[in-house]
Amino acid sequence: MSAADLARVLAWAEAEGWNPGVADAAAFHAADPEGFLIAEVAGAPAASLSIVRFGDATAFLGLYICAPEHRGRGLGYALWEAGMARLAPATTGLDGVLAQQANYARSGFALGHRNLRFSGVVTPEGPDATLPLAPAHLEAACALDRAVTGFDRRAFFADWLTGDPSRQARVLLRDGALAGIGVLRACVEGCKVGPLFAADRAAAEALLDGLATAAGGARLSLDVPEPNAAAMALAEARGLVPEFETARMWRGPPPAQDLARTFGITTFELG
């Protein structure tokens, strides 16, 4: 799939109500240019699937969409089969709608946990205690991502933090050490916060306030892993409302995730 094709696929995602980021296409495609598959009808894109590999051990699946006018013809399933052939031997994750969980299970995926989408306007409480990400923070930020997700996606994550002005990364320091990081991502409607990685609820709340200040009153969305009770409580305490949920599923041994420090995932498409 070319970068132009991916832009079209993200337009499909927008039409489905997925509210992609305004600069997602370049960041996603750069993560693994060979990882975006497309089915065509009469030379035009008709269905899509992304299987982004982070090295040989881990991959993440997303953007499984068929254009409405081509549904019911088996295009999506044929593309799925082609994608499954690309996966082995990598452990592969996905965030899927609950209605598709049984279908994913038939391809060997098992439920890990639920993620809940919370949205609303966050009013900052007190002065901003965060700082814009600086080059000196980048290595520690990538190390935190690796520790929290359980896999190494440094090239993608570094670009996610620094690659486009529509994404603003902020950090929280304690005694000079990184206590958390959050990214504000401008979307078609409002903004998404992701990731929101923090040592504890207090650090996550400080980061959320800093990102809300940067958002200037825009509506925010945060995708929270349900097993993190502190993250769920934080979202509810700050007036965010649950909208829908997804199933985080894995095929192969799940990575050693640190959900206690995951107050918001990075993105449904790449984990």
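The values are calculated or read from the model by the stated rules, or taken from the named source; none is laboratory data. Model, not experiment: these values are computed from the prediction. Quick reminder, even Gly has a Cβ in these numbers, built from the backbone with ideal geometry, and neighbours come from all protein chains shown.
Annotations
- Scanning region 201-221 for residues that are in a loop (DSSP other than H, G, I, E, B) and in contact (Cβ under 8 Å) with a residue 40 or more places away in the chain yields a total of 3.
- Residue check: P225 meets all listed conditions (1) under 14 Å from D95 (Cβ atoms); (2) in contact with an Asp or Glu (Cβ under 8 Å, 6 or more places away or on another chain) but one, namely (2).
- Lone qualifier among R174, R146 - being closer than 30 Å to A7 by Cα and not assigned by TED's automatic domain parsing to the domain that holds D95: R146
- Wholly within region 119-199, strands (runs of 3 or more DSSP E) carrying at least 2 residues that are farther than 20 Å from T58 by Cα and among the charged types (D, E, K, R): 167-174
- Here S48, S119 are screened, and the one residue that is in contact with a helix residue (DSSP H, G or I) (Cβ under 6 Å, 6 or more places away or on another chain) and either outside the structural domain of A26 (by TED's automatic domain parsing) or surrounded by 13 or more Cβ atoms within 10 Å (Cβ to Cβ) (or both) is S48.
- Note on region 85-102: residues that are surrounded by 13 or more Cβ atoms within 10 Å (Cβ to Cβ) and either outside any strand (DSSP E or B) or in contact with a Cys (Cβ under 6 Å, 6 or more places away or on another chain) (or both) total 5.
- Of all the listed residues (L87, L49), the sole one being of a type in the set (A, V, I, L, M, F, W, C), in contact (Cβ under 8 Å) with a residue 24 or more places away in the chain and touching a Lys or Arg at 6+ places or on another chain (Cβ under 8 Å) is L87.
- Some residue of region 141-153 being more than 21 Å from the chain's Cα centre (by Cα) and over 20 Å from S48 (Cβ atoms): no
- If you filter region 231-258 down to residues that are under 23 Å from G120 (Cα atoms), among the hydrophobic types (A, V, I, L, M, F, W, C) and surrounded by fewer than 17 Cβ atoms within 10 Å (Cβ to Cβ), you find that the one that is nearest to the chain's Cα centre (by Cα) is F244.
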